[in-house]
Each structure stands twice: as structure tokens, then as C-alpha cells.
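Encoded as C-alpha cells, the structure appears first; notes follow it.
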Amino acid sequence: MLSRYMLKKNYLIFLALIFIKINVLSAQGATASVIKSAALAQETVYDSIDYIKSHLSQAEAASDKRSLLYFLGMLQEQLGLYSDASLSYAQAAGIAAQDATGMPKVTSEQLVLNAVRTSLNSGDYETAERYLNSAVKNSKNENVLAYVKLYSVWTELCRARTLNETDTSIELLKSYADLSNMKIVRPAILLTLWYITEEKRYGEVLLSEYPSSPEAGIVRGTVQIASVPFWYFVPRQSQPSPLRKEDALISSFNTNNSQSNASSSKSKESTSTASRTQKTTVPIKRDPSSSPKQQLGLFRVEENAEKLAKKVRDKGFDAYFYEESRKSGDIYYIVAVDDDTSGTVGEKLKSAGFDCYPVSITK
């Protein structure tokens, strides 16, 4: 039988060996698959994102970093963090490596297209255009080139200020709709034409030729279009057919009933509870805090932002709007409601009939 001294000595040696092994593994780094699994075990998607960011430097190979950045971009896009997602996709595309073992497969060209799409979703057409002017425009893949052409038109639509400035883009989309090499994006082309021109024939083609597509679902009214800045930026006819509650709200601001709507809002404010009255005394236009918030709309016209903010306030939320300047010199007005510690503001806004998505501002 071993003595107590020998047992203790052997136990200490055992612990030392474990410590050495852990340090060796740490020095070698972790694979993308291991980091991904640990990230998915976190409590929320936000926690998963933070985990990947904090452990990205531990990835042991370029392929692991590339795959982790791709996966990070997907999570960020899922939460509506489009600018962050665009950067993650672009960083992944800039790493010359293969897909890591056990991770989603993606080509570098698809990563660039993802970066373009998410840039457009956030309304950042300058960044989208810069990515489109990369090597992807010389792709040998017909499907990739189809998306490049579509996203190039979407970039111009995002840049347009008036409906007249969309004429060239509309003509391009009409010609693309008849080209065999654009077949893969034809549903998106038809939806864009239907959305901007509001001509029923484009919707009818979607319903007859692509009845099971998400685009047909939008025309049918069973699917909601993504609540992203891009769709706010694209000029449309003066009296659009609403695709979502948010569109219906925005459209009402351009009708002759806008003054009566404002009067109705004032009437509601005067009959609200004391707590709501106190909340509406906070300036409706103010500088945003750096805390997380829910974004409800983005406008080029300040008056429209103010009207939406007032509408949201009528429902008891501390809505406000603020200015945001882009590199192009354009100024946009963003309507938002700050999140609270419970993180349920987004759900409450949606229950009240307002589409929104989470954003954050770093000062």
C-alpha cells in the first residue's frame, strides 16, 4: 500500500500534468468549431456574438478565423446589426483560406455579396458600391454576376432621392427580367419593380410563376418585407400599397389627412395618463445615447421622422428622433426608442404595431 506522502506526491504530479496540457492547448489555439459550439451555448445571441469576438484571436488557423467571421456575420445579420455584419463578411472575404472543418461552407465571392447586401440593408450604398467594385465584378460564375448586377441597381436606387431618379434603374430591371442569365434573381427583380412602380403586372407574374417564393408571399400579403433602412430609402409612387404596418404609417404622412392625423395625436396626448404626459415632455428631437435602442424608421425628411415619433409616443413609448450624417454629406433622421434593462422594448413595440430592430451607437 502506498504511503500518504506518495499519494500526495502522485496527486500533485497529476495536477501539474493537467496544468501543462491546458497551457499547451491554449498555446495551440482553438478551432472554429470549438469556439462556435461554446458561443452557441451562451444565454442569448448577443452573448454568442460577444463570445466569438473575444475568442477570435484564439483561432489557430486562417481558415478558422475566416469561418468564425462568416458565422459572426450571420448572427449579426440575424439581429439586424447590418453594418457590423457587413464588416464581418468583408473581413472574412479578405482572408485567403479554405473553410474550417465543421463550419458552414461559403465562397469568397459569396462573402463579398453578403457584405454588399448587408451594407444596402443599413442604407450604406457607398460601402456597398466599394465592395461591388472589387474582384467580384469579374467573376466567372454566372449566378454571382447576376447578383452583382442586381445589387448595383439596388445601390443606385438607394442613392436616388426622387422617383424621377429611379428611371434608369427601372429600365435596367425591366431588361434584366427578360434575360436568361438573370433567372436566379428574377423574383427579386420583379418584386423591386412591383414595389417601386406599383404596377400590378409584376406582382401577377410573381404569383403565377413563383407562387412559393418569399417575393410572392409579400405580394400576397402573407409575408412581411424586411424592416430595413433600404426599403425606406427607395423612392416610390406617392400613394403606395402598404406592405407592412410601418409602410401604412409612413404613407399616411403624405396624404391630405396629415393635419388631421396631427390633431388626433394632440388630442390623444391631452387625454393620456400622468406618467405618459410626463414622458412626452422629454424633447422629441435629441442626441441619442450610447445605450442599445430599437430603431423604428429612417427618413430624409425631418417632418416625417417627427410624425412617426409622435405616433409612437401616443402608444406610451419614449420615442424620439436624431440626425445622422453620412459620408456623402446626406443627413437622415432616425426614429428610436431606448431599450430598458429587461430588453423587452422591441417585443412591446411590435405588439403595439410598430416594426423595429435593435441598434447601438458607439460614442
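The values are calculated or read from the model by the stated rules, or taken from the named source; none is laboratory data. Just so it is clear, the model here is predicted, and its values are computed rather than measured. Reconstructed Cβ throughout: ideal geometry from the backbone, glycine too, with neighbour counts over all protein chains shown. With ligands, DNA and RNA removed, areas are computed over all heavy atoms of the protein, side chains included. Shrake-Rupley method; radii C 1.70, N 1.55, O 1.52, S 1.80 Å.
Using +1 on the beta carbon of Lys and Arg, -1 on that of Asp and Glu, and nothing else charged, what's the dipole of segment 89-192 about the Cα centre, debye to 20?
Around 200 debye, computed over segment 89-192.
Sort 178, 167, 339 by heavy-atom solvent-accessible area, probe 1.4 angstrom, most to least.
I get 178, 167, 339, largest accessible area first.
Using a Förster distance of 22 angstrom, determine the FRET efficiency expected from the C-beta separation of residue 138 and residue 165, and round it to 0.05. Intermediate values should be presented prior to the final figure.
On the way: r = 28 Å, r/R0 = 1.28.
Approximately 0.20, to the nearest 0.05.
Just in segment 70-155: which trypsin sites (Lys or Arg not before Pro) are loop by DSSP and have at most 14 other Cβ atoms within 10 Å?
105, 140
Of the heavy-atom accessible surface of segment 58-168 (probe 1.4 angstrom), what whole percent is carbon and sulfur?
Carbon and sulfur: 48 percent of the exposed surface of segment 58-168.
Roughly how many Å² of residue 198 are accessible to a 1.4 Å probe, to the nearest 10?
Ignoring ligands and nucleic acids, residue 198 comes out at about 50 Å².
Give the accessible surface of segment 168-239 per residue, rounded to a whole number of Å², with probe radius 1.4 Å and ligands, DNA and RNA excluded.
I get 48 Å² per residue for segment 168-239.
How would you order 58-68, 93-103 from highest to lowest mean count of nearby Cβ atoms within 10 Å?
58-68, 93-103
In debye to the nearest 20, how big a dipole does segment 29-138 give about its Cα centre with +1 on each Lys and Arg Cβ and -1 on each Asp and Glu Cβ?
280
Might you tell me the accessible area per residue for segment 282-363, computed with a 1.4 Å probe and given in Å²?
Working: 3820 Å² over 82 residues.
Value for segment 282-363: 47 Å² per residue.
For the pair residue 43/residue 208, report the inter-label distance in nm, with labels modelled 7 Å from Cα in the Cβ direction.
Result: 5.5 nm between the two label points.
Could you pull out every one of the aspartates and glutamates with an alpha carbon less than 12 Å from that of residue 137, ignoring same-chain neighbours closer than 8 positions?
109, 129
Return the subset of 149/200; 36/293; 311/350; 174/200 for which the Cα-Cα distance in this structure is over 18 Å, preserving the input order. Before the final figure, lay out each step's value.
Details: 149/200 24 Å; 36/293 27 Å; 311/350 14 Å; 174/200 14 Å.
Violating the 18 Å limit, Cα to Cα: 149/200; 36/293.
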